[in-house]
Amino acid sequence: MKKFNSILLIDDNPAENNYNKIVIEDMNIADNIEIAENGLDALNYLNNTNNPFPELIILDLYIPKMNGWEFIEEYRKFDSIKKSDTILVILSNTSNPADIKRAKEIKEVTDFELKPLNSHKLNEILERNFKK
Amino acid sequence: MKNYSNSGWFKNISISKKLYFAIGVMALLIAIELLTLLFSINTLSSVRAFVGAEGLWSKGQKDAVYNLRKYARSGHEEDYEAFRYYMKVPLGDRKTRIEMGKSNPNITILRKGFIEGRNHPDDVDGMIKLFRRFHNISYIHDAIVIWAQADSSISQMQKSAEQIHTLISLSGISSPEKTEENLNTINEINKKLTVLEDAFSSTLGEGSRWLENLILRILLIIAITVEVSGLWLTISISRNISKGIKEIIRVSEEVGKGIFKTKATIYSGDEIGQLASSFNKMISDLERKMLEKEQAEIQIKEREEQIKTIFENAPEAVVVINQQEQIIQWNPRAEAIFGWKAEEVTGKHLHEIIIPHRFREAHLRGFKHFLTTHEGPVLNKPVELPALRKDNTEFDAGISISPTVFKGDYFFIGFINDISYRKTAEKKLKESEEKFYSIFHSSSVSMSIVRLSDNKFIEVNKKFIETIGFTKEEITGKTIAELGIIVTLEIFNDFLKTIKKTGATLDFELSLRNKSGAIINVLVSMTVMEINGEKCIVANYYDITEKKQIEVALQKKSEELEHSNKELEHFAYVASHDLQEPLRTIINYVGLFRKRYIEKLDPNSDEFLNFISEATKRMQTLIKDLLDYSRIGVEKNIIEIDCNKLLGLVLTDMSITIENTKCQIKWEVLPVIYGYQELRSLFQNLISNAIKYRKKDIPCLISISAKGTEKEWLFSFKDNGIGIDPKYHERVFIIFQKLHSQKEYEGTGIGLTQCKKIVELHGGKIWLESELGKGSTFYFTIPKTIQL
């Protein structure tokens, strides 16, 4: 099983974040799990060079201050070398086909999953993206 | 004809040349025959000369022998001289023979030799020719050989004679034994010569007989050739001529019978051939002329028929009278108008038939006046006069009469019409115009009449005056432009152009400005009409100023509504997101809680946790269904849907449920229709409802069918389930309305509401037929053409 150095969870709901954190901890696949409540916080975290650049980012779309789409726009500006080991997964409630379509058209978005997160879904994400 | 084909050139030369040719051939053949004859005569004559020469030769030789003998006895020199004299004949002939043997003989020597042989000089040339020409012929050749043998004997004889002469000259006739011995030698030679002479004669004789035979045969052959070719030429030429003439005779007989199609076959290019070809040309010309004549006759006939048809079908009565005022033509229309048949009136005086009594005298006066002065005030122009029918009733007749002169006599052609209906029509028209004006003036819609030629107002109604604000006097006589009541004059002028072309326009919008400057929106309809003999535009102006204002308001409202709908849609998405999140958190944490702490709690707590998560899940389903409901019709794409395939997909999705409940689903072949993708949810909802509300004690059976009418498809989903009491039929389609408790049948109560929305989205209807306990049938219709 792949073990990540760091996973970044971006969601405005602390209960959601906490739950997702427990699911990941139970799977024991990460050394470090970081939580950001909006896009802006997440961006600040990523911009701080003291922090390790996460290998997995789990992003909710509809969040305050800077929403998911806006965050993706900013994230795209990061150096591609920096991003080379990172995958970005959207975890959302939306089943709006327009959102799914939009997500698929963005190169940086690796996967799209519907809430709630569970070990099964996470395993599938890992299977799809870290097969080796 | 084939017989002549190989002598084509001969066929095509003139007859005189043919005859000259025939005579020439004959003459040539006769000349050949004559030449042959001449040659034969010459040759035979030469043979005869040779026979004669042989005679002379023999005689000379015999006389020489005789004189030699005489000399041998007498010793007289004269006798020897005589011997020598006679010997000249064979010796002369011998000279000729020897010269003849040379390759290039000298003619003079040849002649001299024969003349010495005492031949007649006239015969000599012929003999030489015969000798030279025929020396290879066996008879002549043999004769020459015999002649040469004879000549050698003559030489011996000469030698013996010289010996005798020498002996006698030296010693006289002293030794008779010696002489006798010599004479014996001569006798021997003589005997031999006699044999040779006979042989020569007979050989030559045979030769001459052979020649005679030969010549006779040649002459016979030539004679036969002359006869045959003469005959052949005659037959050939005469047949040729007669064949051509017979052909011409044959064709002329055909032409005589009136058949022009046959043509004389041209067998030759001679005078007969030329005659045939001229004859053929003559027939063609004749045929063409006959055809032309026939056609001309047909045309004349057609014209006659045309005139007759025109006369009989003329829409007016055509009546012709002669100088005596008697009727001579009376067409069917005249019969119809006046009621008199043609045979009843022909020959009668016109005035007795159609002129009312009170005008008869005046008519006759006028008629006579014309005949004397050629002045007719009612002629050559249309006049309206009363006329009389057979039943003595009068009517208004439109009459025009033309006098015409034919072979010195006057005829009068009259065209007569019953115009009483026109009078009625005129009256009706007047009434109708009056009616029109009455409506025009009392109309509650503004109306105007404008002259088409100069665009000037002729008439306006009260409502128009009210609306525009000008007085009638200010309006009439002015053009629309002069009055200045049209705001957009260019558009109006375009409409005027259109109406002048098409005769009418309907409901175009126009802005008018009234006298006080207020803008009035009107719908204008215009029609071109003839009023008092003038083309006019009748226009009515329907005031839509108020309507226009309402329209604008409506448009604004509709836009607002659309905007609010869009907001509502967005709200539904956001709401679903925000509403789902707390529920998910509850479920997540209930799960987590149960996992971590269940063992540390009271046994009842598991049940409580179940209630919490079940309620939460139901809330999630409710929200999801509500969201789905709100989303129906958002994607506005009409697609082609094969309902068989669609049903297949739905049944695949539901395969587990169907298997578990052992439901049997039957369907007829379903149509391919046009519709929205939501039809899938419709099918799914109806089938899952039928399964959900099945009877537990009997096997569940669902049948699906569809049939097309002219405008729509009617689908039916029939089940044998628990059924619905008719009093609830309306309620089942209302959102969140459930007929059963959550415990009995799970569900949000939104499925049929969704169905209703989907069907209505297509412009169709949904309803059901059911009774409690007797199963249900859901019907819905989908129009074949969907209005967006």
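Only the coordinates and a few stated rules stand behind these numbers; no lab work does. Given the structure is predicted, the values throughout are model-derived calculations rather than measurements. With ideal geometry, Cβ positions are generated from the backbone for all residues, glycine too; neighbour counts draw on all protein chains shown.
Structure data summary
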| item | result |
| --- | --- |
| Separation of the B:Lys341 and B:Lys556 label points, Cα + 7 Å toward Cβ, nm | 8.6 |
| Förster radius 35 Å - calculated FRET efficiency between B:Ile15 and B:Glu297 (Cβ-Cβ, nearest 0.05) | 0.25 |
| For the range A:65-101 and the range B:95-147, distance of Cα centres in Å | 150 |
| Directionally averaged projected area (convex hull, Cα atoms, the range A:4-129), nm² | 7.1 |
| Cysteines, chain B, no other Cys beta-carbon under 4.7 Å | B:Cys536, B:Cys643, B:Cys755 |
| Label-reachable residues, the range B:562-592, where backbone N falls under 12 Å from a point 7 Å from A:Glu70's Cα toward its Cβ | none |
| Listed residue (B:Trp210, B:Asn392, B:Asn190) projecting farthest to the positive dipole end of chain B, Cβ model | B:Asn190 |
| Net charge dipole size for chain B [Lys, Arg +1 and Asp, Glu -1 on Cβ; Debye, nearest 20] | 920 |
| Per-pair calculated FRET efficiency, R0 = 25 Å: A:Ala15 and A:Glu127 via Cβ, rounded to 0.05 | 0.35 |
| For the range B:739-760 versus the range A:7-47, the gap between their alpha-carbon centres in whole angstrom | 40 |
| Estimated [θ] at 222 nm from DSSP helical runs (n ≥ 4, -39500 (n - 2.57)) normalised by residues in the protein assembly as shown, nearest 500 | -20000 deg cm²/dmol |
| Set of lysines near B:Lys178 by C-alpha distance (under 25 Å), chain-local residues within fewer than 8 positions excluded | B:Lys62, B:Lys70, B:Lys159, B:Lys191, B:Lys192 |
| Hypothetical label at B:Val405: residues of the range B:294-329 whose amide nitrogen lies under 20 Å (7 Å Cα-Cβ projection) | B:321-326 |
| Two-decimal log10 I(q)/I(0) for the protein assembly as shown, as the Debye equation yields it once each C-alpha is a single scatterer, q = 0.10 Å⁻¹ | -1.23 |
| Least to most buried among A:Tyr75, B:Tyr66 (fewest other Cβ within 10 Å first) | B:Tyr66, A:Tyr75 |
| Simple label model, 7 Å out from Cα along Cβ direction - B:Gln274 to A:Lys101, nm | 10.1 |
| Chain B - share of DSSP beta bridges that are antiparallel (%, nearest 5) | 95 |
| Cross-link reach list, lysines versus B:Lys515, counting only Cα pairs under 16 Å and skipping chain neighbours closer than eight places | B:Lys462, B:Lys463, B:Lys472, B:Lys478 |
| Cβ-placed point charges (K, R +1; D, E -1), dipole of the range A:4-129 about Cα centre in debye, nearest 20 | 380 |
| Helix B:489-502 axis, angle to chain B major axis (alpha carbon atoms, nearest 10°) | 50 |
| Interchain or long-range residues, amide H under 5 Å from B:Tyr674's placed H | B:Ile641 |
| Normalised contact order of the range B:664-785, rounded percent, pairs of Cα under 8 Å and 6 or more residues apart | 30 |
| Point-to-point label distance, B:Ile486-B:Lys636, nm (Cα→Cβ direction, 7 Å offset) | 3.8 |
| Difference of contour (0.36 nm per residue) and Cα-Cα distance, B:Leu601 to B:Thr166 | 135.9 nm |
| Relative contact order computed over chain B (Cα-Cα under 8 Å; 6+ residues apart), in percent | 6 |
| Cα convex hull volume per residue for chain B (Å³) | 681 |
| Distance from the range B:394-412 to the range B:567-604 (C-alpha centre basis), Å | 114 |
| Calculated from backbone phi, Karplus (6.51, -1.76, 1.60) coupling profile of the range B:621-636 in Hz, x at Gly/Pro | 4, 4, 5, 5, 4, 5, 5, 4, 4, 5, 8, 4, x, 5, 7, 9 |
| Length gained when the stretch B:Asp122-B:Leu379 is fully extended (0.36 nm per residue, less Cα-Cα span) | 80.1 nm |
| Length-normalised contact order for the range A:4-129 - Cα pairs under 8 Å, 6+ apart - percent | 25 |
| Proximal lysines relative to B:Lys500, as straight alpha-carbon distance under 19 Å, when same-chain residues fewer than 8 apart are discounted | B:Lys456, B:Lys535 |
| Per-q log10 I(q)/I(0), the range B:255-365, q = 0.11, 0.16 Å⁻¹ (Debye; single scatterer per alpha-carbon; no solvent) | -0.59, -0.82 |
| Estimated FRET transfer efficiency (B:Glu744, B:Lys624; beta-carbon r; R0 22 Å; 0.05) | 0.50 |
